[in-house]
Ligand code: ADP
């Protein structure tokens, strides 16, 4: 059976930290689905859902085992729909660990057949997160060093 992992997040925007997690996890799985969670009742993110999806498609255009989807339901329900038995997450700090622990354990209660696999961030990528990237952009700074080259933060 194909081993599929789902990497859920908001990816607003997708950073070199996210890219590193996907690349490191790829040897473990047959397929990785990068899944952008959204809520149709709320305002979109800082970047539109479409833009975020297109960036990710472009980044992994040469890797047929990686795809991108959007979803609105519970993460474990979307995993079942996509046939993913594993959820992929990254850990930067102990604060991440506490937050991620609660989510992973709750997900495991909801669907015992689904497990979360964690990757520790590469040390040099620890400070990178989407919130700070958005702050840099808002204040006119150059955030391109924090995102893969395919992510054109200036495009309309
Ligand atoms: P969320 O909206 O759920 O926080 P994010 O898009 O911010 O989603 O992050 C998705 C996943 O990527 C999370 O598991 C997060 O810990 C991980 N992640 C974010 N930035 C990095 C980074 N610099 N290095 C490793 N993992 C990261």
Those residues of segment 54-75 that are in a helix (DSSP H, G or I) and surrounded by fewer than 20 Cβ atoms within 10 Å (Cβ to Cβ) come to a total of 3
Hits in segment 2-53 - residues which are within 18 Å of residue 138 (Cα to Cα), within 13 Å of the ligand (Cβ to nearest atom) and assigned to a helix (DSSP H, G or I):
52
Tell me which residues, restricted to segment 91-107, are in contact with a strand residue (DSSP E or B) (Cβ under 7 Å, 6 or more places away or on another chain) and closer than 21 Å to residue 78 by Cβ.
100, 104, 107
Would you call residue 21 crowded, with 21+ Cβ neighbours inside 10 Å, out of contact with any strand residue (DSSP E or B) (no Cβ under 8 Å at 6 or more places or on another chain) and within 20 Å of residue 145 (Cα to Cα)?
no
Of all the residues that make up segment 83-117, how many are in contact with a helix residue (DSSP H, G or I) (Cβ under 7 Å, 6 or more places away or on another chain) and near the ligand (Cβ under 10 Å from one of its atoms)?
6
Go through segment 145-156 and count every residue that is within 15 Å of residue 11 (Cα to Cα) and part of a helix (DSSP H, G or I).
1
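A short reminder: the numbers here are calculations on the coordinates, not readings from a lab. All values reported here derive from a predicted model rather than from experimental measurement. Cβ coordinates were reconstructed from backbone atoms using ideal geometry, including for glycine residues, and neighbour counts include every protein chain displayed.
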